[in-house]
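**Q** One structure coming up, written as structure tokens, with questions to follow.
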Amino acid sequence: MSMFDFVHKNKKAVQIVLALITLPFAFWGIDSYRRAGGGESLATVNEEKISQQEFDNALRQQQAKMRESMGNKLDQAMLDQPEVKNTVLENLASQHLLMSQAHAVGLTVSDEQLAQVITGIESFQKDGKFDKEVYAKALSRQGMTPLIFEMRVRSELGMRQMLDAYNQNGYASNAIVDRLIRLNEQKRVISTAEIALDPFLKQVTVDEPAIKNYYEKNQKEFQVPEQARFEYVTFSADALQAQMAADDAEIKKYYEEHQVEFGTQEQRHAAHILISVAAQAPDADKQAARAKAEQILQQARKAPAKFAELAKQYSQDPGSAANGGDLGMFGRGMMVKSFDETVFQLKPGEISGLVQSEFGFHIIKLLAVKPARILPLDEAKNTIAQKLKQQKAIDKFTDLAEKFSNTVYEQSDTLKPAAELVKMPVLQSGWLNMGQAEVPPWTDKALQAVFAQEVVKDKRNSAAVEVAPNTLLAARVLEYKPASTRLLAEVSDAIRQKLVRQQAHELVLKQGMAMLAQLQHGENAKLEWKPAQVVTRAPQPGQSKELVRQVFQADAAKLPAYVGAENAQGGYTLARVDAVKEIAEIDDAKHASYMQQLRQITGDELFRAYLADARKNAKISMKTFVADDKK
């Protein structure tokens, strides 16, 4: 596979990267970014440093993923666990090692190839064509710069090549694949018979000494954790927003000072023909490129209507040539400086002279102009008001947060002053315990605070704790029950039922295994066999995984064969294997699918071994985070 083919086929991978990481449009280069990553280093991989800034970015990304996947169940304190930080740093070290290995064997992505990938990403397109304004806004929304985007896409594609070099070269022979298909696709015809638990329950009796003995030996089973009910106040920026107001004067002032938020800049629709030549190319090459561009320019000016045809024939811009040089709509500052300055001086239909950039010589034709438009104040008013109230609420929260915390602490025998300070009601909880499932606002951090001794024993206000971004909670105990052990009289019936079921289950297993032994020795057993059914290796709903496993382990050379296993109802299921159904024919599609999966598996193992060996031979040093680390 050529480098171009690899890049072209991995556009989807880059789109996935875009959604996950801070990623740059081509042509800015990455040296300045690497230089910008100075300061403290947390790890080195073969003398290449992993900076605090790079680690912080990766940690924020990991924390964002955790928030997204866990939602309200996420305790904010979990995000700062040393285990999370150490895992992030380990992953960064592996990525750096993989990137250096890719560079060492010459797996690189050129500017032209990178441009080809990015212009093909649907997220950056408008009406099926790459649009630089759409592109810029997409990056801006995620706090990205073109520089970082380019570096990450290059790195991702380089690493992907290393992975694919192994993943696509795993090995599996045709004979092994066919054997695996026949084993995996094999079906077996069975009949089953059940030995139910219920009849044995009536045969078992449990006396009081047995109940007492179980109770005394299993005290932990009957422990009740400490419980409490609380009154509490939650104080958040979101709640404060309802108290905020924005008058017409404020809205108008904001509108006038932030015009860029309420309008679109002038956009230009242009096409170009590029005759590429590197900025560092010899003068002779540059002169030859200029001469070729001059000839094309003369043709374009003689026949302006044929500009698109000339672009398809001559342009060396892989991202636009096939579209007649069409670059779509873009705003000022989206193109390189010389290109940008020229295109914003042209009139619709006008063709420029030669424009030189670091990519070569451009011939530009302006196709259309879309004037700037500012959203009227009346249409923007509600949005501005909402934004102003939100900002006021955050400012108010920031201003009151410390006062709230101090009031809770200084007037520790009541929550009323703190509630009045922030104009929030005092609420009451139900019974809570430390081991309960998390329900907002009762995060693990909140429960640890409210079950502190000074709260439940000394009856003082809890500290104000952050239970969500810009959200504080303080609580005061109303009722408290210390941890205790339930009395024997309370749990006696439950213990009796449990012991009866246990003993009945033992009787079921004993009888089931005895019957299985009889059947396996060719003796008769009084059983009611159900109608035959066909089973596969993948258990269907209601089927015992253990029973299906044993069915396929049974010796198919001696049928009928008998197996047995416990079932989910506490009984025992016997199975008689009557026949084996082999797959009739292995079609090409199935063979190819299995071959691909086996190669993927062996390729993954090869890559893991390669990476482990590379780590063993690399010079890697890393900071280890511990519980009291602040960073």
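None of the figures in this text is laboratory data; all of them are computed from the coordinates on show. Given the structure is predicted, the values throughout are model-derived calculations rather than measurements. Neighbour counts run over all protein chains shown; Cβ positions are idealised from the backbone, glycine included.
**Q** Rank these for me by crowding, R160, R608, going from fewest to most other beta carbons within 10 Å. Before the final figure, lay out each step's value.
**A** On the way: R160 22, R608 11.
With the fewest neighbours first, R160, R608 line up as R608, R160.
**Q** Determine Rg/Rh for the chain; Rg is computed over alpha-carbon atoms and Rh is the Kirkwood hydrodynamic estimate from the same atoms. Spell out each step's value before the answer.
**A** Working: Rg = 35.7 Å, Rh = 32.8 Å.
We get a ratio of 1.09 for the chain.
**Q** So what J values fall out for region 494-499 if you push phi through Karplus, 6.51 cos²θ - 1.76 cosθ + 1.60 with θ = phi - 60°, rounded to Hz, Gly and Pro as x?
**A** 5, 5, 4, 4, 5, 5
**Q** I've got another one for you. What number, rounded to the nearest 500 deg cm²/dmol, is the helix-based mean residue ellipticity at 222 nm of the chain, given -39500 (n - 2.57) per DSSP H run of at least four residues and division by all its residues? Could the numbers behind the result be given before it?
**A** Details: 23 runs with 306 residues, N = 631.
So the helix-based figure for the chain works out to -15500 deg cm²/dmol.
**Q** Related question: How much net charge surrounds P371 when only other residues with a Cβ under 12 Å from its Cβ are counted (Lys, Arg +1; Asp, Glu -1)? Display every interim value, and only then the final one.
**A** On the way: positive: R268, K370, R373; negative: E266.
Taking every Cβ under 12 Å from that of P371, the sum is +2.
**Q** Provide the net charge surrounding G570, with neighbours chosen by a C-beta distance below 10 Å and charges set as Lys +1, Arg +1, Asp -1, Glu -1.
**A** Working: positive: R501; negative: D198, E566.
Summing Lys and Arg as +1 and Asp and Glu as -1 gives -1.
**Q** Quick one: dipole size for the chain, taken about the Cα centre, charges +1 on Lys/Arg Cβ and -1 on Asp/Glu Cβ, in debye to the nearest 20. Please list the in-between numbers first.
**A** Numbers: 80 positive and 81 negative charges, 161 e Å.
Using Cβ point charges on Lys, Arg, Asp and Glu, the chain gives about 780 debye.
**Q** Now for a different question. Per residue of region 575-587, in order, report the coupling 6.51 cos²θ - 1.76 cosθ + 1.60 (Karplus, θ = phi - 60°) as ³J(HN,Hα) in whole Hz, putting x for Gly and Pro.
**A** Ordered by residue, 3J(HN,Hα) equals 10, 10, 8, 9, 7, 10, 10, 7, 5, 5, 8, 9, 7 Hz.
**Q** By the scheme Lys and Arg +1, Asp and Glu -1, what is the net charge of all other residues having a beta-carbon under 13 Å from that of K403?
**A** Numbers: positive: K396, K423; negative: D399, E402, E410, E420.
After counting each charged neighbour, the total is -2.
**Q** Starting from the Cα of K286, draw a straight line to each of the lysines and keep only those under 25 Å, dropping any in the same chain fewer than 8 residues away.
**A** K302, K312, K337, K365
**Q** For the residues Y562, Y572, what sequence is obtained by ranking on other C-beta atoms within 10 Å, fewest first?
**A** By the 10 Å Cβ count, ascending: Y562, Y572.
**Q** What order do you get for 518-529, 449-460, 327-338, 210-221 when each peptide is scored by the mean count of other beta carbon atoms within 10 Å, highest first? Before the final figure, lay out each step's value.
**A** Working: 518-529: 11.3, 449-460: 15.9, 327-338: 18.1, 210-221: 13.1.
In decreasing order of mean packing, 518-529, 449-460, 327-338, 210-221 become 327-338, 449-460, 210-221, 518-529.
**Q** Would you please give the residues with an amide H less than 5 Å from that of F344, counting only those at least 5 places away or on a separate chain, with H modeled from the backbone geometry?
**A** none
**Q** Please work out the C-alpha center-to-center distance from region 202-264 to region 587-604 and express it in whole Å.
**A** Computed from Cα coordinates, the inter-centre distance equals 48 Å.
**Q** If r is the Cβ-Cβ distance from N86 to K498 and R0 is 41 Å, what FRET efficiency results, to the nearest 0.05? Present the calculation step by step, with values, prior to reporting the outcome.
**A** Values: r = 43 Å, r/R0 = 1.04.
Calculated value: 0.45.
**Q** Of the listed pairs K212/K445; K65/K253; K387/K423; K252/K416, which have alpha-carbon separations greater than 27 Å here?
**A** Working: K212/K445 39 Å; K65/K253 38 Å; K387/K423 22 Å; K252/K416 39 Å.
Checking Cα-Cα distances, K212/K445; K65/K253; K252/K416 exceed 27 Å.
**Q** Can you give me the long-range amide H partners of L197? Hydrogens built in the peptide plane at 1.01 Å from N, cutoff under 5 Å, separation of 5 or more residues or another chain.
**A** Long-range HN contacts for L197: G571.
**Q** Which entries of K220/K481; K137/K292; K457/K498 show an alpha-carbon separation above 28 angstrom in the structure shown?
**A** Numbers: K220/K481 17 Å; K137/K292 36 Å; K457/K498 37 Å.
Correct reply: K137/K292; K457/K498.
**Q** Then there is this: Check which residues have an amide H placed less than 5 Å from G360's amide H, if you skip close sequence neighbours.
**A** V277
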